[in-house]
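Quick notes on the structure that follows.
Only the coordinates and a few stated rules stand behind these numbers; no lab work does. The shown structure was predicted, so the numbers you read here are calculated from the model rather than taken from an experiment. No Cβ is skipped: glycine too gets one built from the backbone with ideal geometry, and neighbour counts run over all protein chains shown.
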Amino acid sequence: QMFFSQTASYGRIDYIQPHYKEAYRLAIDCLVKDGRDGYQEFLKGERVGSFLSEDEILFITANAQQLPPQNHAEETNGALDTQSSSGTYWPVHSDVATPDLDLGWPEVMHEKLQTNIDLLYHPPRQNSPTVKEVIRKRIQEARQVVAIVMDMFTDVDIFKETVEASIRGVPVYVLLDDFHLKSFLKMAENQDNMRVRTVKGQDYLCRSGAKFHGAMGQKFLLVDCHTAIYGSYSFTWSFEKINLSMVQVITGHLVKSYDEEFRTLYARSTVPAELRSSEALFQRNGPHGFLPTSHSAPRIERSDQLRHTLDTVYRKTCERNFGSRRFEDRLLEEEDSTLGPIIENGIGHVLLHHTGLVMFVYYWY
């Protein structure tokens, strides 16, 4: 029932029975509980060939975690969840509220657009631009939104383009794989007050109570919900210089699928433990929690508030770069005096969101 195509849903005649073997599930339980020796012993006893690669064995043994034991009251009073096992592959219920796309999201009538797909390669074909060049140019041209889903993001040039886009007033959402969060934070460590959300792969639950989760391997860039760049290219130095890769530059109707997928991944995202205290402060006080509670500025809509704070960021940036007092005076004359309390704090805030990752970025000046 979860299979679909771009043109029509699969009928029963097209349905393929999911591949499932109970012996595989039990073997993984043995691997998690008793290690590699227990796994090999089980396979030998059941006369089953090894179905995990060496990398998968190392991944499972390194990442499996035992769930805390429940007390007797919880077991008797709580409803028995017969679906919480290694056969559960899709989350059905959650006690965590779905995060909002707080910076807004453009509405595009994709159904009326014709799909067009161009292929780019690395290394580039003759008379073709590089993948990185196209990515940077698209982000530079963004006017409504930049949404990034990436397994690993350490390319400082592309990161700089996302920051510049946010300063221009373009909402930027980034979803990163949970396993590669630290490498991203190390690259962005010089950015003041950056907050990040991450996305994990599917959970695998063992009967022993242990569990581990997979990675978020999707990689695409969505610009203004009109263009999607999807493929095997990661935002790292290696993919710019030495790795072979290919991407599709997609416009038109098909972009709707990437629009929907990004919002689906965004809904799965969580605040990483390293940044949880900052997120709690944001949720408690809001994006303007630093403002005095007694200020009497009139209430304004989120979109206007966002525009105004981003204008402030842009003004401050231009002031630093060009040292132009005349530029500052001209912008101050254009400011709406009713929004003075917000401007006087000289603080702009930008939300970036990462599915691996959602990032909230704040700029204090």
message: With 10 angstrom as the radius, rank ASP177, ASP34, ASP224 by how many other C-beta atoms surround their C-beta, starting from the fewest.
response: ASP34, ASP224, ASP177
Stretchable slack from SER257 to LYS44, in nm (0.36 nm times residue separation minus alpha-carbon distance): 72.2 nm
- request: Lys and Arg at +1, Asp and Glu at -1: add these up for the other residues within a Cβ distance under 10 Å of HIS253 and post the number.
  value: +1
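For the residues VAL163, VAL255, what sequence is obtained by ranking on other C-beta atoms within 10 Å, fewest first?
Details: VAL163 18, VAL255 23.
Ranked by crowding around the Cβ, least crowded first: VAL163, VAL255.
Which of LYS137/LYS160; LYS132/LYS241; LYS200/LYS241; LYS33/LYS211; LYS182/LYS211; LYS137/LYS200 have a Cα-Cα distance over 19 Å?
Values: LYS137/LYS160 12 Å; LYS132/LYS241 10 Å; LYS200/LYS241 28 Å; LYS33/LYS211 11 Å; LYS182/LYS211 22 Å; LYS137/LYS200 29 Å.
Too far apart for the 19 Å limit: LYS200/LYS241; LYS182/LYS211; LYS137/LYS200.
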